[in-house]
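Let me begin by presenting the structure, written as structure tokens, before commenting on it.
The numbers here are math on the coordinates, done by the rules we state, and not lab data. Being a predicted model, the structure only gives us computed values, none of them experimental. Every residue, glycine among them, receives a Cβ derived from its backbone with ideal geometry; neighbour counts consider all protein chains shown.
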Amino acid sequence: MNDYIVTVNSTVDVPKEWLKERNVPFIPLKYTIDGETYQDMSGLSSKEFFAKLREGKMSVTSQVNPEEAKEALEPFLKEGKDVLHLGFSSGLSGTFNSMKLAAEALREEYPDRKLIIVDTLCACMGEALLLYYVLKRKSEGMTIEEAAQWAEEHKLHICHNVTIDDLYHLQRGGRVSKTAAVLGSMVQIKPMIHMDNEGKLQVIGKERGRKKSLQKIVERAAEQFKGWENDIIMITHGDCIEDAEYVAELVRRKMGIRNILINNIGTVIGSHTGPGVVAVFCMGDER
């Protein structure tokens, strides 16, 4: 069996050290804020980034293009390794298509290598959770084809339960009207969001008050995860660690899971959610 490596996009939103420990290279998207362009996972710290958003600065993101994708993947093929790439949802970015185009070109140049691109239909630590379980299968001896097939069969069981603190960023992205954003902020309406089966973010409900919205995302996860392999729960937050820790305690109490990975949401995904976002990711019956 030929050795293979698993790669991802920077939108997995786990610490770079976490990826390095597991020998998982990442291919970064970019964002531009305050006149400067940075690579995701580099440049501004989370504190610096979210401070700028709170000051009213806008962050504009850009996808990986086919040339960048090809440049990132080719060195592994040159080393004689096969590559399984778990890509950022095609429902949110053209990055997946760039990865696919790069793979098609590289297969012609390296016909003896295997290069499989999976559209995870996941974002943020939902991507990371799928990665976690794929790496686990790889360590158990799955071939690249078997690991890719496992990812395809299970990606729609990666549940994303999200609440947003400020409706402004959703409004700017066309998710809610300007009127709804203004009125919602006035009465402390917090939208509940999930990732649908097309890999797109959808508003699925609203809660009045921050604590209720945080409790709701855990309640949803607690219903979804029953009967599924869940040896880790992942929680992301937009520079609001206290809220993430509150959610983690609810997860321990309601779901009985102690292995929890908490990390700041990345700068690319955070550009669209804004500060104050909190999300819980688990394996579940359906999204």
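Sorted fewest first by neighbouring Cβ atoms within 10 angstrom, Asp243, Asp13 come out as Asp243, Asp13. Sequence-distant contacts, meaning Cα pairs under 8 Å at least 6 residues apart, place the relative contact order of the chain at 21 percent.
When Rg and the Kirkwood radius Rh are both evaluated on Cα atoms of the chain, their ratio Rg/Rh stands at 0.97. As a proxy for reagent exposure, Val64, Val280 were ordered by neighbouring Cβ count within 10 angstrom, fewest first; the result is Val64, Val280. In a fully extended conformation the segment linking Arg208 and Asp231 would gain 5.1 nm over its present Cα-Cα distance, using 0.36 nm per residue. Ordered by the number of other Cβ atoms lying within 10 Å of each residue's own Cβ, fewest first, Tyr133, Tyr31 fall into the sequence Tyr133, Tyr31.
Applying 1/(1 + (r/R0)^6) with r as the Cβ-Cβ distance of Leu101 and Ser62 and R0 = 25 angstrom yields a FRET efficiency of 0.95. Once the Cβ-Cβ distance of Glu71 and Lys136 is raised to the sixth power relative to R0 = 35 Å, the FRET efficiency obtained is 0.75. With respect to the chain, whose longest principal axis is taken over its alpha-carbon atoms, helix 95-109 is tilted by about 0°.
Working from Cα pairs under 8 Å separated by at least six residues, relative contact order for region 46-115 is 34 percent. Between Gln188 and Ile262, the distance separating the two model label sites (each 7 Å from Cα on the Cα→Cβ line) works out to 2.2 nm.
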